[in-house]
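Let me begin by presenting the structure, written as structure tokens, before commenting on it.
The values are calculated or read from the model by the stated rules, or taken from the named source; none is laboratory data. Fair warning: this is a prediction, and the values are worked out from it, not measured in the lab. Neighbour counts run over all protein chains shown; Cβ positions are idealised from the backbone, glycine included. Calculation scope for accessible area: heavy atoms of the full protein, side chains included, ligands and nucleic acids excluded. Shrake-Rupley method; radii C 1.70, N 1.55, O 1.52, S 1.80 Å.
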Amino acid sequence: MSVWKNKQLLVATLMAPVLALIAYYGVNYLVGEKPQAAEAGQTYKLVEKPNCRYASGLCGLKNGDFELTLDFEKLGEDRFKLNLLSVFPLEGVLLAVVGSEADEKQPEEMQATGVDGLNWSLDILIPDPESDRLRLVASSNQALYFGDVATKFTLGEIGINRTW
């Protein structure tokens, strides 16, 4: 007797993946985390995207719909102009280049390059891509977003990936 002539086995073979998908999405719907809007006065962690960890020329930070993109321009032998593009208008951005976890450098305030609060820039010393990290805090709608990213992206081509 062929396996495909057994109707119960055939139905079970076809229904098992369908039932598994229904169970997967059903459990996710019942117990999964629901997205929430940012509340004024709260702080939210930004996660660095993978392009920060290799020589891409760009670095992205994200938390839900809130997204920041870092880019740079070389100004001289030892200075960069670090540019930041935001999806939402920002009220201010503080940035520090640190060499280790214990490093407590005073952050510098980035300057808005437009009236809409979406573009920001700051002149900094060229960081060591192997050890230095960028720590930043951005304020939008009275909520604070903070992140810590690698500077390896500064090894990439300058200006090629520019999105603004």
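Looking at this structure, is PRO107 exposed (fewer than 14 other Cβ atoms within 10 Å of the Cβ) and not aromatic (Phe, Trp, Tyr)? If you could, list the steps in order and put the result at the bottom.
Numbers: exposed (fewer than 14 other Cβ atoms within 10 Å of the Cβ): no; not aromatic (Phe, Trp, Tyr): yes.
No.
Within the stretch 100-126, take every residue that is of a type in the set (S, T, N, Q) and assigned to a strand (DSSP E or B) and give me the one that is farthest from SER140 (Cα to Cα). Even if it seems obvious, please write down each step before you answer.
Here is the first cut: in the stretch 100-126, the ones of a type in the set (S, T, N, Q) are 100, 106, 111, 113, 119, 121.
If we keep only those that are assigned to a strand (DSSP E or B) too, we end up with 111, 119, 121.
Numbers: GLN111: 15, ASN119: 13, SER121: 16 Å.
If we take residues in the stretch 100-126 being of a type in the set (S, T, N, Q) and assigned to a strand (DSSP E or B), then SER121 is farthest from SER140 (Cα to Cα).
Is it fair to say LYS45 is modelled with pLDDT of 90 or more and touching a Cys at 6+ places or on another chain (Cβ under 8 Å)?
Numbers: modelled with pLDDT of 90 or more: yes; touching a Cys at 6+ places or on another chain (Cβ under 8 Å): no.
No.
If you check ALA23, ALA38, which single one turns out to be touching a residue at least 24 places away in the same chain (Cβ under 8 Å) and open to solvent by 40 Å² or more (accessible area, probe 1.4 Å)?
Details: ALA23 fails: touching a residue at least 24 places away in the same chain (Cβ under 8 Å).
Result: ALA38 is the single residue among ALA23, ALA38 that is touching a residue at least 24 places away in the same chain (Cβ under 8 Å) and open to solvent by 40 Å² or more (accessible area, probe 1.4 Å).
Within the stretch 43-57, take every residue that is over 11 Å from the mean Cα position of the chain (by Cα) and under 26 Å from ALA143 (Cβ atoms) and give me the one that is surrounded by the fewest Cβ atoms within 10 Å (Cβ to Cβ).
At the first step, the residues of the stretch 43-57 found to be over 11 Å from the mean Cα position of the chain (by Cα) are 43-44, 53-57.
Filter once more, so that each one left must be under 26 Å from ALA143 (Cβ atoms): 43-44.
Values: THR43: 10, TYR44: 16.
Per the stated criteria, the residue is THR43.
When both residues are 6+ apart or on different chains and their Cβ atoms are under 9 Å apart, which pairs have a first residue that lies in the stretch 68-79 and is at pLDDT 85 or above and surrounded by 13 or more Cβ atoms within 10 Å (Cβ to Cβ), and a second that is hydroxyl-bearing (Ser, Thr, Tyr) and part of a strand (DSSP E or B)?
Filtered contacts from the stretch 68-79: LEU68/SER86; LEU68/TYR145; THR69/SER86; GLU73/SER121.
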